[in-house]
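So the structure is just underneath, and the comments pick up after that.
The values are calculated or read from the model by the stated rules, or taken from the named source; none is laboratory data. Every value quoted in this text rests on a predicted model; they were computed, and no experiment measured them. As a convention, Cβ positions derive from the backbone with ideal geometry for all residues, glycine included, and neighbour counts pool all protein chains shown.
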Amino acid sequence: MKSVYLARYRELIIDAYDVDRMSRFWARALGLQDSPPDERGGVALRGHDREDLVWIQPLVAPRQERRRIHLDVYAQNVVDLLDAGADLVDQNSFPWDLLTDPEDREVGVFVLEHDRPKRMYQLVIDSPHPEANAAWWGKVLGAPVHPVPEDPTIAFVEPVPHAPFESILFAQEQSPKTCANGIAIGVEVLDPDILTLIGASVVDQPDHRLWMVLADPDGNEFYAYPRAGETW
C-alpha cells in the first residue's frame, strides 16, 4: 500500500561550530562522502542514494542549545568512531554504547558483526508527549505509528518513507524546551500552510523563500522546502 504523506523526508541537518571536523567525523560514522563547502560554508555528506544526504551547517555565533535530538547508528566497532573524534561515555548501562560526537552531542552506537550500507539506525527525539508527537510526525511523513503499551514513555514511527534511517523514536522528556536543537530534519512540502494548519509554527522565513524553518507541536525545529525547486 502506497504511503500518504503531507511532506516528504529530504535530508538531515546538523549544526556545527567546526564544520570541517564535524563533517569528517559524520562522514566516517555514516559511511558517506563529504564535498567542498558551499557558499555558506556548509558541507554536504552524500551516499549512493538520494536520501543519503546530511548537511553539516555552520553556526555563525555560539548559542545556548538544548540537545533533544540525537542519532543512533550502526557500527562494527566503536574504535573507528573514537579515532574520528568521538568520546566514550558509557558501555555498561544500555544495550548500546553511548558516545558523544566532537561537539558533545550524544550518539548511540549499536555494534554489529557485519557492516551495513545504511549506518543510520534511528533518530531519537526527546518529547514531553511521545505518543502525540509520534502521531503528528507519522501523519506528516506517512509513517506508521507504533505506541508501546507496556511503556507509555516511548513511541516510534517506522518505516519512514524516503529516509535513510529505520525509525524515529520519541522518548519522554519533561523539561521544557527553551532553545534550539542542534539537529533537524528537512522535508519537502507543497505548501507549508498544510503543516501550520495541523499544529506546526513558523520559526524563521528568510527573504529568499527557498526554505523556511518550522517547529512541530513540541517545538522541535525542522526545515521545510517547496517541492520541485519552486519558491513560496
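A few comments on the model shown:
- Number of the condition not met by Asp34 [criteria: (1) closer than 25 Å to Leu112 by Cβ; (2) in contact with a helix residue (DSSP H, G or I) (Cβ under 9 Å, 6 or more places away or on another chain); (3) at pLDDT 95 or above]: (3)
- The residue that is modelled with the lowest pLDDT, among those in region 111-142 that are farther than 20 Å from Ile183 by Cα and either part of a strand (DSSP E or B) or in contact with a strand residue (DSSP E or B) (Cβ under 7 Å, 6 or more places away or on another chain) (or both), is Arg116.
- Each residue in region 192-232 was checked for being more than 13 Å from Trp136 (Cα to Cα), in a loop (DSSP other than H, G, I, E, B) and either free of Cβ contacts under 8 Å to residues at least 12 places away in the same chain or in contact with a strand residue (DSSP E or B) (Cβ under 6 Å, 6 or more places away or on another chain) (or both), and 6 of them qualify.
- Checking each residue in region 1-28 for being farther than 30 Å from Ala135 by Cβ and either in contact with a helix residue (DSSP H, G or I) (Cβ under 6 Å, 6 or more places away or on another chain) or not in a helix (DSSP H, G or I) (or both) picks out Ala16, Tyr17, Asp18.
- Failed item in (1) under 19 Å from the mean Cα position of the chain (by Cα); (2) more than 26 Å from Gly31 (Cβ to Cβ); (3) of a type in the set (A, V, I, L, M), with Val148 passing the rest: (1)
Rundown of residues vs (1) under 19 Å from Ala163 (Cβ atoms); (2) at pLDDT below 95; (3) buried (at least 19 other Cβ atoms within 10 Å of the Cβ), yes/no style:
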residue: Trp26; (1), (2), (3): yes, no, yes
residue: Leu53; (1), (2), (3): yes, no, no
residue: Val60; (1), (2), (3): no, yes, no
residue: Leu71; (1), (2), (3): yes, no, yes
residue: Tyr74; (1), (2), (3): yes, no, yes
residue: Asp87; (1), (2), (3): no, no, no
residue: Gln91; (1), (2), (3): no, no, no
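- The single residue among Leu6, Leu12, Leu30, Leu88 that is without any contact (Cβ under 8 Å) to a residue 60 or more places away in the chain and of a type outside the set (Phe, Trp, Tyr) turns out to be Leu88.
- Boolean, Val160 is without any contact (Cβ under 8 Å) to a residue 24 or more places away in the chain, surrounded by 16 or more Cβ atoms within 10 Å (Cβ to Cβ) and among the β-branched types (Val, Ile, Thr): no
- Which listed residue, of Leu12, Leu112, is touching a Leu at 6+ places or on another chain (Cβ under 9 Å) and under 21 Å from Ser167 (Cα atoms): Leu12
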